[in-house]
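A.B. asks: Here you go, one structure.
Bear in mind these aren't lab numbers, they're just calculated from the coordinates by the rules spelled out. Computed from a prediction, not measured in an experiment: that's the story for all the values here. Neighbour counts run over all protein chains shown; Cβ positions are idealised from the backbone, glycine included.
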Amino acid sequence: MENEIVFSDQLLQQIRQAQHVVVLTGAGISAESGVPTFRDAQTGLWERFRPEELASPEAFRRDPRLVWEWYAWRRELVSKASPNAGHLALVELEKRLPVFTLITQNVDGLHQRAGSGVRFPVIELHGNIQRTKCFADCQIVDTWEEDGELPPRCPRCAGLLRPDVVWFGELLPAEALSAAIAAAAGCDLFLSIGTSGLVEPAASLPYRALAAHIPVVEINPHPTPLSSLATFAIPAPAGEVLPALVKAVWEV
Ligand code: OAD
């Protein structure tokens, strides 16, 4: 029999009474859907590359075809994956809480596929792998000619096409970042789920909450720099913790 997760009464009360809960997710929430986390070892064809060496404008300039093909592989992985119990539990939180802000660093779109973003839009800090934009003029491109050339070319300016994700060394979308910062500092409870907390500026969001005396909950089976500072640290997988938490709070 599985061990039942026991939550502190204080945490359950805080969720029941909260007017605004903010959740920040990272690659860990999609791990149970079979999407490898960013810092996991890569497999197969991509074994010899480090993601950090492929996800940058320099890498794209050096070898655009290689970067395009890596993202095509990741897009395929993501489209075959399904949302897991952790994603689904966050949909329940959005339904039940007066105000709910879901901020994600993930580019996989699994939160939206699970049904998040109906009452409150999902804030995507690092873009979305299913969208494509032009490397030259940065405009979103929906359709292009497939003539075998990789990456394909922008139908407007013939620039090279790239995924609409934030790469190392690039700025985050300004509106998404300012909405995330405002929510982190203005909520009643902040949950940091499945993120190593190593990549700024997303990594600072829980600390903004703590600085505003807002309780912070971390859900991650492995310790992170936040673990010892979090008000509650729950060292277990999100796909187990989140459904159990929803059940415990609302006795469903
Ligand atoms: P990481 O790959 O750095 O960290 C994933 C975290 O998820 C780790 O701390 C794991 O312990 C945790 N984890 C693994 N399985 C889990 C599970 N079942 N439940 C909960 N947690 C689990 O991914 P991120 O923190 O998302 O940015 O990385 C942040 C950003 O760094 C990414 O968005 C990406 C990368 O550079 C860009 O692409 C710009």
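A.B. asks: Roughly speaking, what is the stretch gain from SER178 to PHE232, that is 0.36 nm per residue apart minus the C-alpha to C-alpha distance, in nm to one decimal?
C.D. replies: 16.9 nm
A.B. asks: Next up: How many angstrom separate the Cα center of region 116-149 from the Cα center of region 184-252?
C.D. replies: 28
A.B. asks: Quick check: from the Cα gyration tensor, does region 1-139 come out rounded (a/c under 1.5), prolate or oblate?
C.D. replies: Verdict is prolate for region 1-139.
A.B. asks: Quickly estimate the mean residue ellipticity at 222 nm for the chain, helices only: each DSSP H run with n ≥ 4 gives -39500 (n - 2.57), and the total goes over all residues, rounded to 500.
C.D. replies: The helix-only estimate for the chain comes to -10000 deg cm²/dmol at 222 nm.
A.B. asks: Quick one: work out the % antiparallel among DSSP beta bridges in region 135-252, nearest 5.
C.D. replies: Around 10 percent antiparallel, to the nearest 5.
A.B. asks: While we're here: Identify which of LYS80, LYS133, LYS95 has the largest mean-square fluctuation in a Gaussian network model of the chain, with springs joining Cα atoms closer than 10 Å.
C.D. replies: LYS80
A.B. asks: Could I ask something else about it? When a/c reaches 1.5 or more, the comparison of a/b and b/c decides; with that in mind, is region 136-216 rounded, prolate or oblate per its Cα gyration tensor?
C.D. replies: In terms of gyration-tensor shape, prolate.
A.B. asks: If you count, for each residue, the other Cβ atoms within 10 Å and average over each peptide, how do 23-29, 120-126, 167-173, 211-217 line up from highest to lowest?
C.D. replies: 23-29, 120-126, 211-217, 167-173
A.B. asks: Considering only VAL118, VAL67, VAL166, give the residue with the highest GNM mean-square fluctuation for the chain, with springs between Cα atoms whenever their separation is below 10 Å.
C.D. replies: VAL118
A.B. asks: Same structure again: Lone cysteines in the chain, defined as no other cysteine's Cβ under 4.7 Å from theirs: which are they?
C.D. replies: CYS138, CYS157, CYS187
A.B. asks: While we're looking at this one, here's another question. Could you pull out which residues in region 119-160 have an amide N less than 11 Å from a spot 7 Å beyond the Cα of ARG65, following the Cα-Cβ vector?
C.D. replies: Correct set: 149-151.
A.B. asks: Working out 0.36 nm times the residue gap between VAL252 and THR37, then minus their Cα-Cα distance, what length gain in nm do you get to one decimal?
C.D. replies: 74.3 nm
A.B. asks: If you don't mind, there's one more thing I want to ask. Kirkwood Rh over Cα pairs of the chain into Stokes-Einstein at 10 °C, 1.306 mPa s: D in µm²/s?
C.D. replies: Rounded, D is 83 µm²/s.
A.B. asks: Suppose R0 equals 35 Å; then what is the FRET efficiency for ILE5 and GLU52 from their Cβ-Cβ distance, rounded to the nearest 0.05?
C.D. replies: Step by step, r from the Cβ atoms, then E = 0.55.
A.B. asks: Mind giving me the FRET efficiency for GLU76 and GLU170? R0 is 30 Å, r the Cβ-Cβ distance, nearest 0.05 is fine.
C.D. replies: Efficiency, rounded to the nearest 0.05: 0.80.
A.B. asks: While we're looking at this one, here's another question. Could you give the dipole magnitude of the chain about its Cα centre, charging the beta-carbon of Lys and Arg +1 and that of Asp and Glu -1, in debye to the nearest 20?
C.D. replies: That gives the chain a dipole magnitude of about 260 debye.
A.B. asks: For CYS138 and LEU198 in one chain, what is 0.36 nm times their gap in residues minus the Cα-Cα distance, to one decimal in nm?
C.D. replies: 18.9 nm
A.B. asks: For region 63-77, just list the computed ³J(HN,Hα) in residue order, Karplus coefficients 6.51, -1.76 and 1.60, θ = phi - 60°, integers in Hz, with x standing in for Gly and Pro.
C.D. replies: Those phi angles translate into 8, x, 5, 4, 5, 4, 5, 5, 5, 4, 5, 5, 4, 5, 4 Hz.
A.B. asks: For region 178-252, just say rounded, prolate or oblate: build the C-alpha gyration tensor, square-root its eigenvalues into a ≥ b ≥ c, call rounded for a/c under 1.5, and beyond that prolate if a/b exceeds b/c, oblate if not.
C.D. replies: Cα axes put region 178-252 in the oblate bin.
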